[in-house]
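Asker: Questions regarding the structure given below will be posed in turn.
The values are calculated or read from the model by the stated rules, or taken from the named source; none is laboratory data. All values reported here derive from a predicted model rather than from experimental measurement. So basically every Cβ, Gly included, is an ideal-geometry build from the backbone, and we count neighbours across all protein chains shown.
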Amino acid sequence: MRTIKINYEFMKWHKLAVYISVFLIIISLLSIFFKGFNYGVDFKGGTLIEISFNKDAPIDEIRDFLEENNYSKSSVQYFGSKSEILIRMPNILSTNESNLSNDLIENLKNKFDFSLKRVEYVGAQVGEELRDQGILAALIALILIMIYIALRFEYRFSVGAILALIHDVLLIMGLFSITQIEFNLSVFAAILAVIGYSLNDTIVVFDRIRENFKAAIIENTNTVSLINESISQTLSRTLITSLTTILVLISLILFGGEILFGFSFALLIGVIIGTYSSIYIASSTLLLLNISAKDVTIEVDEEKP
């Protein structure tokens, strides 16, 4: 049986890819610092009320009603369809804060005919704690990942993996900042899942590069050709995994409803960006750090069985 070998010159474009990524990261950081996020109730705190009507919801009348009854700071929007309404109430420091949602629902029922689907309340302090603990969890995960890869491969591999993960996270967060899609706990969970997905893809590529480095000294293969060959060897696995995951995520976006939209969207973008970063960011970092077959082979030979 004849084996067909396909070897794409991925690293031919690695400098251009790095420039594009740096540009996108700068845009993302500017948007995050100056525009910020559209935090959900999970992080910002407040009360979220979802109500459903049998026909098109009278959204303008509801807005006027809230304005007339001193709920002017609340926001009203369609949720999934024109028959469902989502009302967001900010935290108000008062003695009857816990009763605000009940009072509002009772007042609305006196004027409108609807069914209550859910009510969520998160205090401001709890929202801040969730945000801070989430950031801390992500930082701890990145540190542990760097230590693991440095011990498993070589320290330059860990630098490449961490840069690829930071690249993925910043671009996803930047996209949420630019589009102002609600950023809540489910989106943050999706970002953590993207870290795991992207890391797994990067380790597969790195493992193939390391194995090919073992024979590189004998065959006198240069680093660029070896990395191109390694990525080509793992390309089919990467594309099959990514495409099947993308198909599932597209289905969730189309049929999962508004509640799952942020989670599914973050994962979809993360899978695409993670696949790209495993090829161009992580591998390009190895070239920028001047890694060679000799470096990795010495590291491998010193390992004890």
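Every residue, every condition in (1) under 23 Å from Ile281 (Cβ atoms); (2) part of a loop (DSSP other than H, G, I, E, B); (3) modelled with pLDDT under 80, yes or no:
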site	(1), (2), (3)
Ser98	no, no, yes
Ser101	no, no, yes
Leu104	no, no, yes
Tyr148	yes, no, yes
Leu151	yes, no, yes
Ile162	yes, no, no
His167	yes, no, no
Met173	yes, no, no
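Asker: Another question, if that's okay. Please determine, by comparing only the residues of the stretch 48-88 that are of a type in the set (S, T, N, Q) and within 34 Å of the chain's Cα centre (by Cα), which one is surrounded by the most Cβ atoms within 10 Å (Cβ to Cβ).
Answerer: It comes out as Ser74.
Asker: With the checklist (1) touching a strand residue (DSSP E or B) at 6+ places or on another chain (Cβ under 8 Å); (2) charged (D, E, K, R); (3) more than 22 Å from Gln133 (Cα to Cα) in hand, flag the one item Asp201 doesn't pass.
Answerer: (1)
Asker: Going by the structure shown, is Asn184 surrounded by fewer than 19 Cβ atoms within 10 Å (Cβ to Cβ) and polar (S, T, N, Q)?
Answerer: no
Asker: Just wondering, is there one or more residues in the stretch 203-210 that are exposed (fewer than 15 other Cβ atoms within 10 Å of the Cβ), without any contact (Cβ under 8 Å) to a residue 60 or more places away in the chain and more than 26 Å from Leu30 (Cβ to Cβ)?
Answerer: no
Asker: So Gly127 fits all but one of (1) at pLDDT 80 or above; (2) in contact with a strand residue (DSSP E or B) (Cβ under 8 Å, 6 or more places away or on another chain); (3) surrounded by 12 or more Cβ atoms within 10 Å (Cβ to Cβ); what number is the exception?
Answerer: Going through (1) at pLDDT 80 or above; (2) in contact with a strand residue (DSSP E or B) (Cβ under 8 Å, 6 or more places away or on another chain); (3) surrounded by 12 or more Cβ atoms within 10 Å (Cβ to Cβ) one by one, Gly127 breaks only (1).
Asker: Filter the stretch 5-26 down to the residues that are under 22 Å from Ile178 (Cα atoms) and touching a Leu at 6+ places or on another chain (Cβ under 9 Å) and list them by number.
Answerer: Selection gives Val18, Ser21, Leu24, Ile25.
Asker: Please go through the stretch 231-256 and pick out each residue that is among the hydroxyl-bearing types (Ser, Thr, Tyr) and surrounded by 13 or more Cβ atoms within 10 Å (Cβ to Cβ).
Answerer: Ser232, Thr234, Thr238, Thr241, Ser242, Thr245
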